[in-house]
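The values are calculated or read from the model by the stated rules, or taken from the named source; none is laboratory data. Given the structure is predicted, the values throughout are model-derived calculations rather than measurements. Note that we place each Cβ from the backbone using ideal geometry, even for glycine, and neighbour counts take in every protein chain shown.
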Amino acid sequence: MDSKDLKKPEYSDESFWQKVKAYASAAGREVIETALKLYYTMKDTDTPLWAKTVIMGALAYFILPADVVPDLIPGGYVDDLGALVAAAWTVTQHIKDSHAEMARNTLARWFNGQAQQ
């Protein structure tokens, strides 16, 4: 393999939404809700740069095709959930009720209108 074939993985909104939509059912509510809360927190102009950087790292790990635990095996999203929860815990003071509400609303649309409160 050539070094030019080893692209540096990067976060992008497009790759985030592609992964979330494609694997929402397989990943489950908890993983997707946590990812969405973090995404909406990152997009908030009130969120400080350090917190956005933490969130971006966790979301980048979530969307990467190569994981410590492959996503397509049973329990494969446990490492993704761990990274997302660690980031959420780190930036918890910046996760607003409005971010959680936007995440629940998105979940309601994706999971047949049955968002958990």
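Points to keep in mind about this one:
- For segment 73-94, a tally of residues being part of a helix (DSSP H, G or I), β-branched (Val, Ile, Thr) and either in contact with a helix residue (DSSP H, G or I) (Cβ under 7 Å, 6 or more places away or on another chain) or modelled with pLDDT under 90 (or both) returns 3.
- Qualifying residue in segment 95-109 (condition: modelled with pLDDT of 95 or more and loosely packed, with under 12 Cβ neighbours inside 10 Å): yes
- Qualifying residue in segment 19-29 (condition: of a type outside the set (A, V, I, L, M), in contact (Cβ under 8 Å) with a residue 24 or more places away in the chain and at positive phi): yes
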